[in-house]
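The values are calculated or read from the model by the stated rules, or taken from the named source; none is laboratory data. Remember, it's a predicted structure, so these values are computed and weren't measured experimentally. Here the Cβ positions follow ideal geometry from the backbone for every residue, glycine too, while neighbour counts run over all protein chains shown. Heads up: the accessible areas ignore ligands, DNA and RNA and are worked out on the full protein's heavy atoms, side chains in. Shrake-Rupley method; radii C 1.70, N 1.55, O 1.52, S 1.80 Å.
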Amino acid sequence: MLTKPANVLITRPEPKAQVLVSYLQKQGIKVCSQPLFDYLNFTNAQAVSHAIKTSNIIIFVSAAAVKFAQQNSPITQHTNQFFFAVGKATQQALSALGINQVITPTLENSEGLLALKELRDVQAKQITIFRGDGGREHLAQTLSERGATVEYVESYQRVWRTLPKSIAKQWQAQQINCIVVTSNAILTKIVEIMNLLACNDKTAQTYWREKCVWLVASQRIAENATSIGLQHVINMNGASDSIIGQQIKQL
């Protein structure tokens, strides 16, 4: 799909951004990183402790949700719950805390979680979903429809960085031709940044929409990317370092 070697832009937040950059560089891939937001604690010890004590099922939808929950109150204080992680990175974050009995879907998203047999019969179960501020409601709504009582603990919030207006022009000057997008929030923000440049530069608009390859983490993100006119969108079905590296090599 690319006529030149991949020159990749990583947009995920730190510290995962730098870990991915190092992983790709070791494979000889040219890459630069520009996190678009930072994480900030958004909960307290009482909320975390109450959720852990009262829930039958606990679901973490990101490694950051694990990290900030643990910072507020030990999530290992009770061990009679069923723990679920949306993907391998989140599972590894729980494992690092000594929580090894964690159920993780093959498809690393809400749909993958909902397909698990352990979450099909949740009648009268108390479920807590640990996540950041905002996000999809599909997981909670479906579990509620299945008879569960579902609550959120928003353990962190995203604080978007203020970037220079020239940042998209800098990316183009660096000959970025492949962009890794791991959430719809990141997709929305990066397209917004590029549209500011494209308003006065039709060549730039054509470049980002028609020449650049967009590697996205899920079908939902892929559909959104296509709907706003991005022409070369590849759904990686995951966002692990290894999946991203394999996909870039295939370009």
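Would you call Thr43 in contact with a strand residue (DSSP E or B) (Cβ under 7 Å, 6 or more places away or on another chain), open to solvent by less than 40 Å² (accessible area, probe 1.4 Å) and not hydrophobic (A, V, I, L, M, F, W, C)?
Judged against the criteria, Thr43 is a match.
Could you look through the stretch 78-114, keep only residues that are polar (S, T, N, Q) and surrounded by fewer than 18 Cβ atoms within 10 Å (Cβ to Cβ), and pick out the one that is farthest from Asn41 (Cα to Cα)?
Thr106
Of everything in the stretch 131-187 that's in a loop (DSSP other than H, G, I, E, B) and either in contact with a strand residue (DSSP E or B) (Cβ under 7 Å, 6 or more places away or on another chain) or of a type in the set (Asp, Glu) (or both), which residue is surrounded by the most Cβ atoms within 10 Å (Cβ to Cβ)?
For the stretch 131-187, the residue satisfying everything is Asn177.
Limited to the stretch 220-246, what total is found for residues that are under 13 Å from the mean Cα position of the chain (by Cα) and either over 23 Å from Lys4 (Cα atoms) or free of Cβ contacts under 8 Å to residues at least 60 places away in the same chain (or both)?
The number of residues fulfilling the criteria is 7.
Within the stretch 115-130, how many residues are among the small types (Gly, Ala, Ser) and surrounded by 12 or more Cβ atoms within 10 Å (Cβ to Cβ)?
Of the residues in that region, 1 qualify.
Show the residue pairs meeting these rules: Cβ distance below 8 Å; 6+ apart or different chains; first residue within the stretch 35-59 and outside any strand (DSSP E or B); second residue β-branched (Val, Ile, Thr) and at pLDDT below 95.
Short answer, once both residue conditions are applied: Pro35/Thr11; Leu36/Thr11; Leu36/Ile186; Leu36/Ile190; Val48/Ile75; Ile52/Ile75.
What pairs can you find where one residue is in the stretch 15-27 and within 14 Å of Gln246 (Cα to Cα) and crowded, with 18+ Cβ neighbours inside 10 Å, the other is of a type in the set (A, V, I, L, M, F, W, C) and at pLDDT below 90, and their Cβ atoms are less than 7 Å apart, with a gap of 6+ or different chains?
Qualifying pairs under 7 Å: none.
Test each condition in (1) under 15 Å from the mean Cα position of the chain (by Cα); (2) modelled with pLDDT of 95 or more for Pro13 and report the one that comes out false.
With respect to (1) under 15 Å from the mean Cα position of the chain (by Cα); (2) modelled with pLDDT of 95 or more, Pro13 is out only on (2).
Can you tell me which residue among Val31, Val8 is without any contact (Cβ under 8 Å) to a residue 60 or more places away in the chain and either surrounded by 20 or more Cβ atoms within 10 Å (Cβ to Cβ) or aliphatic (A, V, I, L, M) (or both)?
Among Val31, Val8, only Val31 is without any contact (Cβ under 8 Å) to a residue 60 or more places away in the chain and either surrounded by 20 or more Cβ atoms within 10 Å (Cβ to Cβ) or aliphatic (A, V, I, L, M) (or both).
In the set Thr106, Thr128, which member is among the polar types (S, T, N, Q), in a strand (DSSP E or B) and either touching a helix residue (DSSP H, G or I) at 6+ places or on another chain (Cβ under 8 Å) or over 24 Å from Ser49 (Cβ atoms) (or both)?
Criteria check complete, one pass: Thr128.
With respect to Ile75, is the statement that it is among the aliphatic types (A, V, I, L, M), open to solvent by less than 20 Å² (accessible area, probe 1.4 Å) and more than 15 Å from the chain's Cα centre (by Cα) true?
When the stated conditions are applied, Ile75 passes them.
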